[in-house]
Amino acid sequence: MAVRFWFVHSSEVPLREQIVTQIALGMASGELRPGQRLPSTRELARRFRLHPNTVSAAYRQLEREGRVELRRGSGVFVKAQAVSDISILSGADEAVADRVIAEVFARAREHGVPGPVLRRRLERWLAIAPPDHFLVVEPDDELRGIVVAEVKEAVRFPVRHCGLEELRGNAAIRAAVTLALPSKAQMVLETLAAGTDVVTLKVRSVPGSLNEWLPVPTTALVGVASRWGEFLTHARTMLIAAGMDPDSLLLRDAREPDWLRGMEQAVAVVCDVVTAKQLPRKMRVIPFRLLADSSVAELQRLEAAMRN
């Protein structure tokens, strides 16, 4: 799968920043997968009329951030992620489950575990209550609020949340399905007890989500609002890269007092799902959902499996 690039040369956002932002968001959304080869410096420069030094600088920054790997003579590759998503066995996989159980009995016999002891231990493990809620783990308070709101829209099970510090030594984690964004999944996994799984939530593709609203008339005034600072930064970069005039963007931090002042002049307001609920109904709201459709579907499959 190839990520779609777009650049605006006459922009106050440096082209290097446009490259870095689009590749980072492409990785987060799954458009760029671990091990995937990126366009060469020469190819990207020629296709979009960029200076090769600009592309090289962007790739070097991404390498320093641990996002890509520069292989001499081979090219630039998306760096492999340490955490992969967990999966749930479907009904068609019952044969696999039977083989796993058979292996357990075989290993027990090899180690001389008596049958009654094995049976008692199996009954104990089967008696442990299955997960009864989702737990969103995210250090950033504002981002966590957005993710929790979107997860609550997708499932009916209770959704709780915490930061990394609250996660340590939390015995209730055994009754939860732990969720984390790609950038934090490794930290969460390292904080949890060994053997605990983390479901890595995929992030929606920004260009794909904006396509239906583009192109925006250059004279139109568009609002961008969120309590999460990075939302404002990324939205601004992508909208300008899509051809929006920087002077046509009204950026509003929803944590600030009087942040709604002047927003009624905008033809539409791009915002997160939490901020969307704070906007007056008369405004045209374009809520940008952070979670990819594939992650929403996965959460619903997980919920169905827990109910059964």
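Only counting other Cβ atoms within 10 Å, I'd like S295, S183 sorted with the fewest neighbours first.
Details: S295 23, S183 17.
So the residues, fewest neighbours to most, are S183, S295.
Exposure proxy shown here: for H161, H234, H51, the number of other Cβ atoms within 10 Å sets the order, fewest to most, as H51, H161, H234. Placing unit charges on the Cβ atoms only, positive for Lys and Arg and negative for Asp and Glu, gives segment 15-78 a dipole magnitude near 260 debye about its Cα centre.
Considering only the other residues whose Cβ falls under 11 Å of the Cβ of W228, what net charge follows from Lys and Arg at +1 and Asp and Glu at -1?
Residues near W228 contribute -4 overall.
Ranked from highest to lowest mean number of other Cβ atoms within 10 Å per residue, what is the order of the peptides 142-155, 280-293?
Details: 142-155: 19.6, 280-293: 15.3.
Final packing ranking: 142-155, 280-293.
For segment 42-59, the Karplus equation 6.51 cos²θ - 1.76 cosθ + 1.60, evaluated at θ = phi - 60°, returns couplings of 5, 5, 5, 5, 5, 5, 10, 6, 9, 6, x, 5, 5, 5, 4, 5, 5, 5 Hz by residue, with Gly and Pro reported as x. Ordering V55, V274 from the fewest to the most neighbouring beta carbons within 10 Å gives V274, V55. A straight Cα-to-Cα reach below 26 Å connects K79 with the lysines K184, K202, residues fewer than 8 places away in its own chain not being considered.
Taken together, the values in this text are just the output of simple stated rules run on the coordinates, not laboratory data. A quick note: this is a predicted structure, and the numbers were derived from the prediction, not measured. Because the Cβ atoms are built from the backbone with ideal geometry, glycine has one as well, and the counts that use them run over all protein chains shown.
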